[in-house]
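Visitor: The structure under discussion is supplied below as structure tokens; questions concerning it will follow.
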Amino acid sequence: MQPKRPCNRLLQQNAHFPLLFSSCPYVLSCVCRFSSKIDDSEVLNLSLSQKTELIQQFVKEHPGDEISIAQKRLLMEKTQFSHAKLTFYIRKFRDPNREITPEKKAALVSWLKANDFRNPTLKERRILREKVDLSSHQLKSQIRVLLDPKGRITRTKKEFLRNWYEENMPSAECNDSADCQVNTAGVFPTQVQLLYLSNHLRWSRRQVYNQIHRLKHPVRSLTSEEEERLCQWVHRYESTHGKKRISTFDKYSCLKEVFPHQDDRIPMEQLSHYISKSQRALEQTPITANGKKIIADWIHENKRQPSQQDKQLLQQQTGLDRKQLEHQIRGIVDVKGNVTADVKEMIKDWICQHNGQAPEGPERT
């Protein structure tokens, strides 16, 4: 039976601790590996961009080689990343995202139509990746969207879902019944019920799931005092820890500070949304007339939507973040037109010809 790994705090407090386990090579190797990691001050001072550049350089040096456990352990010690996070960055740099064009989407649609809209096997996915030139993550997401397309969310559909949920979902007292699926958040529809709602409302299963989740946990707007306390907490956190991802432990401390009374506290998902909103508000650059002119001139000159590389260049020229830039591009490309009586009559005729169904996806264009 192998001994347990020694506690890191105990190792830091006891310099002669490894001598007690000199007879055990496993524990001694753990101690040596930990001590070499904490003594390397250069590694601990690396920023996130430097760590990702280190992984990217390693991937370039080993393009097709299988990374051994020892190499992964060395990268984990240098970057202070977990195994899951390191694997994510390795896959990201080995299989980068490509530009998704309408031709690639049309090729995927034609393949799905020829194969009765079934999920492709691993071998078929490899063939499709070579054919459409997309990363594995992009191919997976595009197939998921095509097999489970999103529908239009209207007030009528929301009202139907609310009434259905109140009538069919049992109360919290019947959690032991076989008709309901129980999780830590309470009662939730079964897979059969989700499929029925998806077909009836013409939504994707993810849309149905999100709408039911909002019914179970309605979003509460923050008061002016709560918004001020949240902005102060975010500003104080970023000035102390820098612009890094906020851990769950820190979010709990934020929840206690912003909402002193336990009855007024909001779910963790809503808190994460408001924290991200506050961070964007602190980071966003005011949109100027010069920035709008740069984006408009680029679109009129190139006569197309900007790619990811083009968006990065436009962000550098205008100083806007990604969401601000996409909002400006959408406003320039999709200009509002004059809605006349003829246009309304044409849309009405189209809806009548399609049995009252609203246009979706390519039909709208």
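Visitor: If I ignore ligands, DNA and RNA and count only protein heavy atoms, how much of I347 is accessible to a 1.4 Å probe, in Å² to the nearest 10?
Guide: 90 Å²
Visitor: Mind listing the Cα extents of the range 186-275 along all three principal axes, in Å, largest one first?
Guide: Over the range 186-275, Cα extents along the principal axes are 49, 28, 21 Å.
Visitor: For the range 262-301, what are Rg and Dmax over the alpha carbons, in angstrom?
Guide: Cα only, the range 262-301: 17.6, 56 Å (Rg, Dmax).
Visitor: Still on this structure, please answer the following. Could you give the accessible area per residue of the range 199-241, probe 1.4 Å, as a whole number in Å²?
Guide: Roughly 65 Å² per residue, with all protein chains present.
Visitor: Another one. From the convex hull of the Cα coordinates of the range 236-293, what is the mean projected area in square nanometres?
Guide: Its average projected convex-hull area is 5.4 nm².
Visitor: Which one of W298, H217, L197 is farthest out on the positive end of the charge dipole of the range 183-303, using unit charges on Cβ (Lys, Arg +1; Asp, Glu -1) and the Cα centre as origin?
Guide: Result: L197, furthest along the dipole toward the positive end.
Visitor: Now for a different question. Convex hull volume of the Cα atoms in the range 213-360, per residue, in Å³?
Guide: Output value, Cα hull per residue: 211 Å³.
Visitor: Provide the solvent-accessible area of D264, counting protein heavy atoms only and rolling a 1.4 Å probe, rounded to the nearest 10 Å².
Guide: Solvent-accessible area, nearest 10 Å²: 70 Å².
Visitor: Give me the lysines in straight-line cross-link reach of K348: C-alpha distance below 26 Å, same-chain residues under 8 apart excluded.
Guide: Counting by Cα, and skipping residues close in sequence, K348 has these lysines nearby: K150, K157, K158, K336.
Visitor: Students often get this wrong, so check it: of K92/K277; K104/K244; K60/K244; K51/K256; K323/K344; K104/K251, which have C-alpha atoms separated by over 29 Å?
Guide: K104/K244; K51/K256; K323/K344; K104/K251
Visitor: How large, in percent, is the carbon and sulfur part of the accessible surface of the range 199-337 at a probe radius of 1.4 Å?
Guide: Carbon-and-sulfur percentage of accessible area, whole number: 48.
Visitor: Also, I was wondering about something else. Assuming R0 = 45 Å, can you tell me the calculated FRET efficiency for the pair E283 and A70, based on Cβ-Cβ distance, to the nearest 0.05?
Guide: 0.70
Visitor: Additional query: At q = 0.14, 0.16, 0.25 Å⁻¹, work out log10 I(q)/I(0) for the range 93-159 with the Debye formula, treating every Cα as an identical point scatterer and leaving solvent out; two decimals please.
Guide: For the requested q values the scattering log ratios are -0.47, -0.57, -1.13.
Visitor: Can you list residues from other chains, or at least 5 along the same chain, whose modelled amide H is less than 5 Å from the amide H of F188?
Guide: HN-HN under 5 Å from F188: Q181, N183.
The values are calculated or read from the model by the stated rules, or taken from the named source; none is laboratory data. These numbers were taken from a predicted model, which means no experiment stands behind them. Ideal geometry is used to build each Cβ from the backbone, glycine not excepted, and the neighbour counts take in all protein chains shown. Accessible surface is based on the protein model in full, side chains and every heavy atom, while ligands, DNA and RNA are left aside. Shrake-Rupley method; radii C 1.70, N 1.55, O 1.52, S 1.80 Å.
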